[in-house]
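Chemist: Before I ask anything, let me first share the structure, which is written out below as structure tokens.
The values are calculated or read from the model by the stated rules, or taken from the named source; none is laboratory data. This one's a predicted model, so the numbers in the text were calculated from it and none came from an experiment. Cβ placement follows ideal geometry from the backbone for every residue including glycine, while neighbour counts extend to all protein chains displayed.
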Amino acid sequence: MGFHGATWQSLTDQMERNNNIMGVTFAKSCTDNLKIKVSYRFLAQWLRDHYGYHGNDPSVFYQYRHYFGKLVSWIGFAAGEESRVANPGPKTSAEPDEYVLFQDGDTGPAYIPKWRKLCVEHRYPLLELGHDRAACQRIIAGYGYPVPYPSNCMFCPFQNEVEIVYLYRTHPDRWQQWVEREAAKLAKFAQSKVNHGVKGKLALPQYLRKALEKYGHWSIEQLREYRFSHGHCVVSKY
């Protein structure tokens, strides 16, 4: 906390202030604003505190590169998630000087700051080691540590039917909050020709009914085991 942008203090803050919602048919902006930008703001301050650098965030990273080369950032994508590794696209004449074009297979071209491309090297140690999610869980348990749940934003629109049932059954207060936020968005744009919710044309209560028809008979233990087996948010790239 403390490194979020003024308009993205949190996911729910954004939703409540603007009566909007994240959805499968909308541009993905939460990962960039709530994870990536926040991480680099924190890291820039860490470099100031520990290396005595001064200046704005990009300047700090350039100073580090001058003395040590690219800063290595380890990202914990597991084996089987190779598609999440973002690949730089071709340089175009229309590309702003301060940005580098990245090609995202899910959303098309996206721009990232040039300083990040020039000053930061991404490494994916779990991919290099060939450790998938199950292997990582075995290793954690082998050291005697509790195995954490896969990272999971409770309002992620990309949750599938099993995960929706799990959220509804285990966190009914959060589920209700999500339904209310979607309803506020739909009411705000009621006069629009296209007015999608979290899951597109189906509102969350409708999507839940379909999910319960398939998985409502599952026990909490079965749902929890499924949640441990994978991470649902594997569409974001880094």
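Chemist: Yes or no: segment 74-86 includes at least one residue that is more than 25 Å from Cys136 (Cβ to Cβ) and of a type outside the set (Ser, Thr, Tyr). Working first, answer last.
Modeler: Within segment 74-86, the subset more than 25 Å from Cys136 (Cβ to Cβ) is none.
No; the residues of segment 74-86 include none that is more than 25 Å from Cys136 (Cβ to Cβ) and of a type outside the set (Ser, Thr, Tyr).
Chemist: Something else now. Tell me which residues, restricted to segment 14-54, are over 19 Å from Pro157 (Cα atoms) and in a loop (DSSP other than H, G, I, E, B).
Modeler: Of everything in segment 14-54, those that are over 19 Å from Pro157 (Cα atoms) and in a loop (DSSP other than H, G, I, E, B) turn out to be Gly52, Tyr53, His54.
Chemist: So which of Glu182, Glu163 is under 21 Å from Ala27 (Cα atoms), acidic (Asp, Glu), in contact (Cβ under 8 Å) with a residue 60 or more places away in the chain and assigned to a helix (DSSP H, G or I)? Break it down into steps so the answer makes sense when it comes.
Modeler: On the way: Glu163 fails: under 21 Å from Ala27 (Cα atoms).
After ruling out the rest, the residue left standing is Glu182.
Chemist: Is at least one residue of segment 62-83 at pLDDT below 90, at positive phi and surrounded by 15 or more Cβ atoms within 10 Å (Cβ to Cβ)?
Modeler: Yes - at least one qualifying residue is present in segment 62-83.
Chemist: Just a yes or no: is a residue in segment 131-142 farther than 30 Å from Lys210 by Cα, modelled with pLDDT under 90 and loosely packed, with under 14 Cβ neighbours inside 10 Å?
Modeler: Checking segment 131-142: not a single residue is farther than 30 Å from Lys210 by Cα, modelled with pLDDT under 90 and loosely packed, with under 14 Cβ neighbours inside 10 Å.
Chemist: Checking the conditions here, which among Pro172, Pro109, Pro96 is surrounded by fewer than 16 Cβ atoms within 10 Å (Cβ to Cβ), modelled with pLDDT of 90 or more and not hydroxyl-bearing (Ser, Thr, Tyr)?
Modeler: Details: Pro109 fails: modelled with pLDDT of 90 or more; Pro96 fails: modelled with pLDDT of 90 or more.
From the options Pro172, Pro109, Pro96, the qualifying one is Pro172.
Chemist: Still on this structure, I have one more. Among the residues of segment 123-155, count how many are in a loop (DSSP other than H, G, I, E, B) and either in contact (Cβ under 8 Å) with a residue 60 or more places away in the chain or aliphatic (A, V, I, L, M) (or both). Lay out the reasoning, then the answer.
Modeler: In the first step, residues of segment 123-155 are kept if they are in a loop (DSSP other than H, G, I, E, B); the result is 124, 130-132, 143-155.
Restricting the remaining residues to those that are either in contact (Cβ under 8 Å) with a residue 60 or more places away in the chain or aliphatic (A, V, I, L, M) (or both) gives 147, 149-155.
Here the count works out to 8.
Chemist: Give segment 204-238 a look and list any residue that's modelled with pLDDT of 95 or more and buried (at least 17 other Cβ atoms within 10 Å of the Cβ), or say none.
Modeler: Leu204, Tyr207, Leu208, Ala211, Tyr215, Trp218
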